[in-house]
Amino acid sequence: MGAPPDRPMTQAFTFVETREQVRWIASTQRHPSRGTTLIAATPDAAYACQLERVEYARLEDFSTTSNRRSEYSEAVTRFLAWQDWLDQWVRNRIPAFKRTAFRPAEGAGFRLQRLHGEIWATGRSLGEFFDAADPLSVSIWPPTSYGVPLHLEPASNPVIALVADVARVRGIPVRDLGRVREGIARTARGARRSRTMTQWVRELLLDGRVRALGAALRSGGFGDACRSLSPSFLHDRRVLACGFGYDVQRLVLQLRRDGVGVSQISNRLAEPQVIVDIMAQINSAAPELMANAELWSLIESCGVGRTRLWEASIAR
């Protein structure tokens, strides 16, 4: 267990993440020890405290964060058992998954395990902090978004994203400083990404015509790029490209330079009915899954309760 700093600690703690948050506290409260102890959750916040001559502590002052690596084996074993449970639960609800032995949780296992590892390590360290500091209250600027990108990397600092969850599990009051001073909470990367935008970007990146244009620009310059955009119906339709794989990219470009007409079938085709049916079954089973206590047991064992960060990832 990390030893608390030698200087006097209060039992009210404020977690800070950005320079703006530290500056605001320094301008309104010149002697933090009189009211609250600052916990610098990021290097930026710690450096800002030094510049503003504000005393601060770190999470590492109260917890043995260096022990997380040696303790992780048990967490991985628990995660793999939970992953097997989730795959079996889904198979029992989606006949096509059971028939084809499809394991969706295992398919996303690497990304889910990384996120679980982040939550587990942070939750464990925060638990040690609460045990050592015994705070009466915690103040934070909560994340402006709990949005989770496709790779499931936390979009905000995990300490800031989880400290309120850990505090509430222990019955410790949490003060939302975003209501006191707005506009200085860190905006999570990708916070503005919507489902519609995600689909649009995915379709754009997968669209063979866009990839062909980029390849033409790189290899032959503006002239080849213009020729690659020529409507295929102006040429003799002697070649049909389905999609646009990297392995035929150069061949298609060369054929077009040689005057051969190349037509493409867009990747954006209507989904087969079987996919539509499976998606309907998934949407129907989702509320039951989200209400299943076993789904949350993995994260509750980390001491963070039903955190929105994990909920957003499962929904993703």
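The values are calculated or read from the model by the stated rules, or taken from the named source; none is laboratory data. If you're wondering where the values come from, they're calculated on a predicted model, not measured in any experiment. Quick reminder, even Gly has a Cβ in these numbers, built from the backbone with ideal geometry, and neighbours come from all protein chains shown.
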Checklist entry - How many residues does region 35-89 contain that are of a type in the set (A, V, I, L, M, F, W, C) and part of a helix (DSSP H, G or I)? => result 15
Checklist outcome for this item: Selection from region 109-156 of residues more than 30 Å from T36 (Cα to Cα) and modelled with pLDDT of 80 or more yields G109, F110, R111, L112, Q113, R114, L115, H116, G117
Next on the checklist: Can you tell me which condition P142 does not meet? The list is (1) assigned to a helix (DSSP H, G or I); (2) touching an Asp or Glu at 6+ places or on another chain (Cβ under 7 Å), and all the others hold.
Outcome noted: (1)
Item to check | Hits in region 58-102 (condition: under 24 Å from the mean Cα position of the chain (by Cα) and of a type in the set (S, T, N, Q)) | outcome: T65, S66, S73, T77, Q83
Checklist entry - Hey, R93 hits all of (1) in contact with a Leu (Cβ under 9 Å, 6 or more places away or on another chain); (2) under 22 Å from R306 (Cα atoms) but one; which does it fall short on? => result (2)
Item to check | region 272-297, subset free of Cβ contacts under 8 Å to residues at least 60 places away in the same chain and outside any helix (DSSP H, G or I), residue farthest from A81 (Cα to Cα) | outcome: P272
Item to check | Within region 5-22, considering residues that are surrounded by fewer than 17 Cβ atoms within 10 Å (Cβ to Cβ) and closer than 22 Å to N157 by Cβ, the one modelled with the lowest pLDDT | outcome: P5
Next on the checklist: Any residue that is surrounded by fewer than 17 Cβ atoms within 10 Å (Cβ to Cβ), in contact (Cβ under 8 Å) with a residue 24 or more places away in the chain and either in contact with a Ser or Thr (Cβ under 9 Å, 6 or more places away or on another chain) or farther than 19 Å from A164 by Cα (or both) - is there at least one of those in region 96-106?
Outcome noted: yes
Checklist entry - Restricted to region 34-54, and to residues that are farther than 14 Å from N157 by Cβ and in contact with a strand residue (DSSP E or B) (Cβ under 7 Å, 6 or more places away or on another chain), which residue is modelled with the lowest pLDDT? => result G35
Checklist entry - Can you name the condition, by its number, that H116 falls short on among (1) more than 15 Å from A164 (Cβ to Cβ); (2) surrounded by fewer than 22 Cβ atoms within 10 Å (Cβ to Cβ)? => result (2)
Checklist outcome for this item: Within region 101-132, the residues that are over 18 Å from I299 (Cα atoms) and assigned to a loop (DSSP other than H, G, I, E, B) are A101, F102, R103
Item to check | Residue within region 91-111 that is within 30 Å of I25 (Cβ to Cβ) and among the aliphatic types (A, V, I, L, M) present | outcome: no
